[in-house]
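Okay, so here's the structure we're looking at.
The values are calculated or read from the model by the stated rules, or taken from the named source; none is laboratory data. In this text, all values refer to a predicted model and were calculated from it rather than measured experimentally. So basically every Cβ, Gly included, is an ideal-geometry build from the backbone, and we count neighbours across all protein chains shown. Note: areas computed on protein heavy atoms with side chains; ligands, DNA, RNA excluded. Shrake-Rupley method; radii C 1.70, N 1.55, O 1.52, S 1.80 Å.
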Amino acid sequence: SAKTLTASKITLPDDIPKKHLEIPLNCTALNHTGTCPVDYPTGGATEEPGQPSTCPEYFRWIHEDLRPWAHTGITREAVETAKRTANFRLVIVNGKAYVERYQRAFQTRDVFTLWGILQLLRRFPGQVPDLELMFDCVDWPVVAKSGGYGENGDNATVAPPPLFRYCGDDRTLDIVFPDWSFWGWPEINIKPWEGLQKELKEGNKRKRWMEREAYAYWKGNPAVAETRMDLMKCNVSEEHDWNARVFAQVRFVDWVKESQQGYKQSDLANQCLHRYKIYIEGSAWSVSQKYIMACDSVTLIVKPHYYDFFTRSLVPVHHYWPIQEHDKCKSIKFAVDWGNSHKQKAQEIGMAASSFIQDELKMDFVYDYMLHLLTQYSKLLTFKPVVPKRAVELCSESMACNAAGLEKKFMMESLVKGPSERAPCTIPTPYDPPSLSAVLRRNSNSIKQVELWEKRYWDNQNKQQQQA
């Protein structure tokens with residue numbers, strides 16, 4: 001019998017599939033009314049969510065990023081101050097998103113950032129609190145700690161402007177948020193992260209680590225930063241072989257050629273062919289880090305000055321190998337020689353990085369991070385968010401139904417089909433000062449240890465040359 005009838009209830013067998021709630025795009029309603037549909041669900045999934053998991057360690061930095069407002073709260077005046085460089089104001093009221101635009105971002109950064117936020121609302125309907133924030137899509141953080149704000153200035157009652165962006169550094173207070181490329185980057189044909197993550201995992205299987213080229217690989221645009229121009233000097237030449245194979249790809253020239261050829265040379269899943277891959281910042285942080293670290297290769301990270309929302313949990317010599325900024329070529333050569341002499345340990349470092357990217361940076365956690373960050377941020381607001389007169393309501397229909405080309409393709413691929421059937425992960429507690437100091441000290445000591453090994457290596461090389 002498909003079901004068992006009792007006097008008190010009907011029970012269904014365990015193998016009957018559960019029906020999941022889906023919210024299809026309603027482009028017909030949008031075309032008829034010119035406005036967003038009004039029948040979105042405002043509650044969560046119909047199923048009882050399972051036991052929530054604990055969020056990854058990098059979620060603890062949410063507390064650190066919001067600490068400047070812990071005592072003062074966030075006033076409307078502070079938010080308005082952040083408008084100076086913002087690309088848009090985002091307002092969420094009763095589960096609906098409204099946007100007031102100030103200036104267009106480079107390419108479609110703002111478009112896919114807003115698309116990602118709309119998918120968050122579809123994934124967790126009724127769970128994203130009312131809020132109002134300013135978002136800056138430019139790379140460089142601008143809210144300086146030295147601006148006289150809070151504990152970092154003379155006047156502890158003055159709070160800094162709360163400004164969201166994709167990266168920060170140790171000198172600024174900008175609030176970091178997942179970047180647009182998680183939902184796609186149509187200008188250079190980088191697919192949405194959920195599908196690309198699977199392709200990268202499959203791409204790793206095409207060539208075992210031991211069979212890969214025993215060199216360090218990098219391909220990118222060197223023109224955006226002096227440090228990248230300096231990296232080009234590490235390429236193989238008649239005078240030196242620094243164990244690096246670096247290739248320039250000038251954005252506005254080579255990407256046109258790539259688009260004409262179907263992006264065959266820039267397929268990220270086909271670039272896991274070297275034992276070592278180099279990550280180096282551009283004008284600021286680069287979205288390329290997650291793609292590089294997903295390759296099973298040992299990631300050689302040239303000393304970074306910026307961080308995004310997940311990179312502060314990366315551990316030197318566990319997830320990556322640190323490269324000195326001012327002596328890149330010698331540092332890269334030592335790293336590759338060390339790895340080729342310690343193959344098992346090198347493979348472990350590469351695997352630790354790709355495991356981190358696959359397990360702790362899946363889209364489930366990206367959305368959970370967004371939800372927790374916005375929830376904690378909203379708790380600090382000292383005013384009631386209201387929809388500005390010049391703001392327009394934004395929904396998935398208003399963005400995707402009239403889109404075209406890769407922009408539409410990536411939106412449809414990254415569309416959240418319906419409410420999540422799992423509860424968001426549980427955010428870890430904040431760092432206390434001793435535990436945060438211990439983390440920073442551990443990382444610093446690991447980097448110093450590598451620098452010591454590197455110095456001994458080159459001292460021995462010099463001695464051998466002198467004896468010869």
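Structure notes:
- Order of exposure, largest accessible area first, which applies to Lys207, Lys448 with probe 1.4 Å: Lys448, Lys207
- In the chain, helical runs assigned H by DSSP with n ≥ 4 each contribute -39500 (n - 2.57); averaged across all residues and rounded to the nearest 500, the mean residue ellipticity at 222 nm is -11000 deg cm²/dmol.
- Legend: P(r) of the stretch 292-366 from all alpha carbon pair distances, 5 Å bins from 0, whole percents, reading 3, 16, 24, 25, 17, 9, 4, 1.
- DSSP bridge analysis restricted to the chain gives an antiparallel fraction near 45%, rounded to the nearest 5.
- Counting only protein chain heavy atoms and rolling a 1.4 Å probe, the accessible areas of Asp39, Asp296, Asp174, Asp359 rank, largest first, as Asp39, Asp359, Asp296, Asp174.
- Apportionment of accessible area to carbon and sulfur, the chain, percent (1.4 Å): 51
- Dipole of the chain [Lys/Arg +1, Asp/Glu -1 at C-beta], most positive-end residue of Ala244, Tyr58, Thr429: Ala244
- Phi angles of the stretch 93-104 translate, via the Karplus equation with coefficients 6.51, -1.76, 1.60 and θ = phi - 60°, into HN-Hα couplings of 9, 6, x, 10, 9, 10, 10, 10, 8, 10, 7, 6 Hz per residue; Gly and Pro are given as x.
- Where chymotrypsin sites (Phe, Trp or Tyr not before Pro) fall in DSSP loop in the stretch 334-441, at most 14 other Cβ within 10 Å: Phe383
- Taking a straight Cα-Cα cut-off under 30 Å and skipping sequence neighbours fewer than 8 places away in the same chain, the lysines within cross-link reach of Lys384 are Lys83, Lys96, Lys145.
- For the chain, the solvent-accessible area of protein heavy atoms averages 49 Å² per residue (probe radius 1.4 Å; ligands and nucleic acids excluded).
- Options Pro129, Trp180, Cys395, ranked by Cα towards positive dipole end of the chain, top entry (Cβ charges): Trp180
- Dipole magnitude of the chain about its Cα centre (Cβ charges: Lys, Arg +1; Asp, Glu -1), debye to nearest 20: 460
- For the stretch 99-129, trypsin sites (Lys or Arg not before Pro) are listed when DSSP marks them as loop and at most 14 other Cβ atoms sit within 10 Å of their Cβ; the list is Arg104.
- Dipole moment magnitude, nearest 20 debye, the stretch 344-468 about Cα centre, only Lys, Arg, Asp, Glu C-beta charged: 380
- Accessible surface, 1.4 Å probe, highest first, among residues Glu454, Glu413: Glu413, Glu454
- Basic side chains Lys and Arg get +1 at the Cβ, acidic Asp and Glu get -1 at the Cβ, and with that the dipole of the stretch 274-364 about its Cα centre reaches some 300 debye.
- Pairs of Cα atoms farther than 18 Å apart, the stretch 327-380, %: 59
- Between the stretch 318-353 and the stretch 70-107, the alpha-carbon center distance in angstrom: 42
- Mean projected area of the Cα convex hull of the stretch 129-211, taken over all directions, amounts to 9.3 nm².
- What separates the Cα centres of the stretch 194-215 and the stretch 441-468 is a distance of 31 Å.
- Directionally averaged projected area (the chain, Cα convex hull): 29.4 nm².
- Orientation-averaged projection of the stretch 347-468 equals 16.2 nm² [convex hull of Cα atoms, one quarter of hull surface area].
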